[in-house]
Each structure stands twice: as C-alpha cells, then as structure tokens.
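The values are calculated or read from the model by the stated rules, or taken from the named source; none is laboratory data. The shown structure was predicted, so the numbers you read here are calculated from the model rather than taken from an experiment. Backbone-built Cβ (ideal geometry, glycine too); neighbour counts: all protein chains shown.
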Amino acid sequence: MLGMLKRHEVEILLRAGHRQKQVARLTGVSLCSVKRIAQEVPVVHVDDAAERVKRQIGRPSRVQNFRKQVVGILEETPELASLEILRRVREAGYQGGKTALYELVASLRTKTAKPLVRFEGLPGEFSQHDFGEVEVGYLNGTRPRIHFFASRLKYSRWVRVSLVKDEKVESLVRTLAEHLASWGGRPLLCVFDRPKTIALQWRKNGEVTEWNPVFAYATLEMGVGVELCWPYQARQKGSVENLVGFVKSSFFKVRRFYDAEDLEQQRGDWEREVNEQRPCRATGIIPAVRLAEEAPRLRPLKVKPEELALRIPVYVGPTGTVVHEGHAYSMPPEAISMPGTLYPVRATSAHRGRAL
C-alpha cells in the first residue's frame, strides 16, 4: 500500500495541473496508482497502519517464505527477468500469485538512480530544506556549536536561514512554516534530506515505511508535499548538501561575530545581500528578480505559522496523567493505559474588553 504522505504528494501534483503520466514520473508511483488516487477522496490523515486496516491490507504473505531464494537468484544474476525468477521459485514450491512475487523482486533488485533534471525546478515547483551545524568562535572568547535550518526555493534561489536550538521535529516544523510564510506561500514539493526527525523507518529502496507522526500531520495541515533525498543517490543528495555548505562557506566561515546577538544581526544583513543584491552563481540573476516570477506560482499556506498546532503521540499512565516536556496533564480515569494525541488548544477570555 502506498503511504498516506505519498498519496498526499500525488494529490498536490494533480491539483496543480500536472498530467497523470507526469505525476507518475515525478513521484515514482505507477500510472495505475495515480489514476486510482485521482478518484479517491482527499487524504485527511497520515496513519498508514489505520489505512491498512481500513483497506483490509496485511494478510499473511506466502512470498516471504521464498525471500532468501529470490535474494540468491538476484545476487547470481542481477538482470534476470522477473518472469524467469517466478518460474524458478514455482519449481521450488511457491504457490502464491505472480504480483506478490514481482513486488518482492522489485523491492530486492538493485535500483539505478533516476534522473533528477526536475531538481532545476520551474517557478513554484520545489524548495530545499536541511539542518546544519557549525562551531563558531566568538570574539568574546566563547565557542558555541550553532544549529541552523536552511531553506531555498529552487527556481529563484532565494535563501532563508534561521538559528534553532536543536534539530528536533518541532524546530524543523516551526521553522519550515516560518520560511514558507516569508516567501509568500508554499511550492508544490518540499525536498528534505533524510533526518531521523522525518523518516523513522524505510526500506532499502528508499520507500519510507514509518514517518515521524508530528512531522506528517504538520505537513498535512500546511498542505505541503514532501520528497526525501537519500545518501546513496549522489545527484539527489548533493544538491541539498550544497545548500548547507553554501551557508557555511559564505556566512559562518567568512565573517567574525562578537556574540550571539551580533551573529543574528549579521545573518539578517547576509540574507539581504545574497537575496537582494548579489547575483546567484547558478543563474547569474539576483534571487529577488526571479522571486518576482516565482511568487505568483506559490500557494498560500493552509494554516499560519503561529496557528500551527503540533499533534504529539502520548500514552496515558496508570495515574491518569500524560507527561510532556516535564509538565503533567490530567486525563479522565477511563483514558488510563490508552494511547492518545497531545496538541495545544489556544483559549482566550475577555476581562473588561481586553483579551487575556
């Protein structure tokens, strides 16, 4: 079954006007699946396990008993046709369907990196995002390790960099929302490196089997399509790494800072310089000029950054409380030993005409 975030990505591209064949090529999803998703109701959750139960997916697979044999065949003859592999496995006693066997072969067969010409990007098509860290020697004698989150629109090359306290999921989601809002909207897809804050588990072929639930729900709330890069796909990974390397080499490594306040001030000056004054090396054009072309293609965020509520999976303990970041929250007695989702609710009250 295709994951819910992958389905969400397909939906976004279809709504943007891409043809079904283009969507299949861009997402790596079969054309049949794209056609089926186009006829389904829009994605409203990212719980893959619940969706499998709903679709009655997950019956015991006969083909897994022949996994070792298929691995051996592919190691001996990597290019052997799937039909021939099916014939050999059936001779060994396999009685399952050919589709299940073909899917197993496809997941085990060595993949060749697909062309990523699309990474050059059309206006409003892609943006890159990644964490970085660097040790900075302040003139006041301290040497802190600085964490930052960088974002760049692929077409205009407009860059945003924010200092963050850590590289956890909340820092990623909050900063991502702020960067998208500062651009005036969201592109079709946001391309990420593969930090563990995003993908918790994945197969060898790069298919994510478990997303960080906080990240997944946040991207669904914002209406953001997600694509990941992988370390062993150099043409993909290099583009994102260059963003972090660019920030380090053109800002952190060439400037001197007295303290954290001075660094933050110079960061703003540097952003104005690279975005509004200096032509980009890749395009030869000042990013602000190309942003004027790209901005009309960006779509508004579904939720404002300050209104984005994170959904955090929790467990109700035997005392009827949920503990999050050192704070205990009371739950009804009937909720004891149950899993749940913690998310903030903003409440206001009025006192003599003033909001409290």
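Every residue in the range 290-319 that is in a helix (DSSP H, G or I), farther than 15 Å from PHE126 by Cα and touching a residue at least 40 places away in the same chain (Cβ under 8 Å), please. First the steps, then the outcome.
Within the range 290-319, the first condition is being in a helix (DSSP H, G or I), and the residues that meet it are 290-297, 305-307.
Checking the rest, the ones that are also farther than 15 Å from PHE126 by Cα come to 292, 305-307.
The one that is in a helix (DSSP H, G or I), farther than 15 Å from PHE126 by Cα and touching a residue at least 40 places away in the same chain (Cβ under 8 Å): PRO305.
Within the range 62-71, none of the residues are surrounded by fewer than 12 Cβ atoms within 10 Å (Cβ to Cβ), more than 25 Å from PHE126 (Cα to Cα) and of a type in the set (Val, Ile, Thr). Restricting attention to the range 275-287, the residues that are surrounded by 16 or more Cβ atoms within 10 Å (Cβ to Cβ) and modelled with pLDDT of 95 or more total 3. Scanning the range 166-183 for residues that are modelled with pLDDT under 95 and either within 17 Å of ASN242 (Cβ to Cβ) or over 16 Å from the mean Cα position of the chain (by Cα) (or both) turns up just one, ASP166.
Among the residues of the range 170-205, write down those that are in a loop (DSSP other than H, G, I, E, B) and either of a type in the set (A, V, I, L, M, F, W, C) or buried (at least 18 other Cβ atoms within 10 Å of the Cβ) (or both).
If we filter the range 170-205 for residues that are in a loop (DSSP other than H, G, I, E, B), which is where we start, we get 184-185, 187-188, 193-198, 203-205.
Hits for the range 170-205 are PRO187, LEU188, ASP193, THR197, ILE198.
Residues of the range 167-220 that are among the acidic types (Asp, Glu) and under 28 Å from GLU293 (Cβ atoms): GLU178, ASP193.
Here's a check for you: in the range 229-242, which residue that is of a type in the set (A, V, I, L, M, F, W, C) and crowded, with 20+ Cβ neighbours inside 10 Å is modelled with the lowest pLDDT? So, considering only residues that are of a type in the set (A, V, I, L, M, F, W, C) and crowded, with 20+ Cβ neighbours inside 10 Å, the one modelled with the lowest pLDDT is VAL240. When VAL23, VAL46 are checked against the criterion of being among the hydrophobic types (A, V, I, L, M, F, W, C) and modelled with pLDDT under 85, a single residue qualifies: VAL46. Selection within the range 273-289: residues that are of a type in the set (Gly, Ala, Ser) and assigned to a loop (DSSP other than H, G, I, E, B). The member of this set that is farthest from PHE246 (Cα to Cα) is GLY284. Could you tell me which of the residues PRO339, PRO313, PRO332 is modelled with pLDDT under 70 and surrounded by fewer than 12 Cβ atoms within 10 Å (Cβ to Cβ)? Result of the check over PRO339, PRO313, PRO332: PRO339.
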